[in-house]
Amino acid sequence: MTHRFRRRLGQGRVLGPIAIVLLGFGLLTTAAAADRGRNSLVGTWRLVRYVDTPEGGVPIQAYGAAPIGLFIFTADGHVSISIMRNPPDVGAPTTDPDPEACIPGWYCAYFGTYVVDRDKGVWVTHVLGGNIPAYFGTDQKRSFMIHGDRLVISETYLQDGKPVHGERELVRDAGGRR
């Protein structure tokens, strides 16, 4: 064998495994993108805004101006939602007679399974547990829109007979960086 041929053969021994690793990574990346394409919620989302605005009233930021939270959606249909007041009110009561209250009031979390109806722009969480007693065993429906790496959840509900518009904004988490 010539020196040039041996050198190329040696490069092949190194390049072969590298090519296999890169091919494998490419297939995994493609599979993850395909999962996200079918269900764009899959992944971890970081809460950046949580506002409720009563009709004709002033916006309320129940979790502060810079709330902390993560919404985690898995490809196999599990969800975990955590929202915390920033800064937390650790002196808040740890019980509340309202079954829809978070206990304690500065931290809300629930988890379960979920399904997405892309045509209607909603997901439904079947709640298995959390710190909101009224949610146990219920289906919680949320309307959402995704704009790039932003998830916006909107809802209108009644409080004391008046409509309240709620909006939650999240960004796709990039590995826990803030």
Tabulated pairs, segment 146-160, first without any contact (Cβ under 8 Å) to a residue 60 or more places away in the chain, second aliphatic (A, V, I, L, M) and loosely packed, with under 13 Cβ neighbours inside 10 Å, C-beta under 7 angstrom, 6+ apart or interchain: Val152/Met145
Reported set for segment 37-62 where residues are at pLDDT 95 or above, surrounded by 17 or more Cβ atoms within 10 Å (Cβ to Cβ) and assigned to a loop (DSSP other than H, G, I, E, B) is Leu41, Val42
Test of understanding: among Arg85, Arg168, Arg150, which residue is at pLDDT 95 or above and either surrounded by 15 or more Cβ atoms within 10 Å (Cβ to Cβ) or at positive phi (or both)? Arg168
Would you please list the contacts, defined by Cβ atoms under 7 Å and residues six or more apart or on different chains, that run from a residue in segment 117-142 that is over 20 Å from Thr156 (Cα atoms) to a residue that is assigned to a strand (DSSP E or B) and hydrophobic (A, V, I, L, M, F, W, C)? Leu128/Phe111; Gly129/Phe111; Gly130/Ala109; Gly130/Phe111; Asn131/Cys108; Asn131/Ala109; Phe136/Val127; Gly137/Val127
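Quick check on my filter: what residues within segment 83-134 are assigned to a strand (DSSP E or B) and in contact with a helix residue (DSSP H, G or I) (Cβ under 6 Å, 6 or more places away or on another chain)? Don't jump to the end; show me each part of the working.
Of segment 83-134, the ones assigned to a strand (DSSP E or B) are 83-84, 107-117, 122-130.
If the condition is that a residue be assigned to a strand (DSSP E or B) and in contact with a helix residue (DSSP H, G or I) (Cβ under 6 Å, 6 or more places away or on another chain), then Tyr110, Val127 are the ones that fit.
In this structure, does Ala75 turn out to be assigned to a loop (DSSP other than H, G, I, E, B), in the same structural domain as Glu167 (by TED's automatic domain parsing) and modelled with pLDDT of 95 or more?
Numbers: assigned to a loop (DSSP other than H, G, I, E, B): yes; in the same structural domain as Glu167 (by TED's automatic domain parsing): yes; modelled with pLDDT of 95 or more: yes.
In short, yes.
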Check on Leu158, part of a strand (DSSP E or B) and under 21 Å from Thr44 (Cα atoms): no
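The values are calculated or read from the model by the stated rules, or taken from the named source; none is laboratory data. It should be emphasised that the depicted structure is a prediction, and the values quoted were computed from it without experimental measurement. Please note: Cβ atoms are built from the backbone with ideal geometry, for glycine as well, and neighbour counts cover all protein chains shown.
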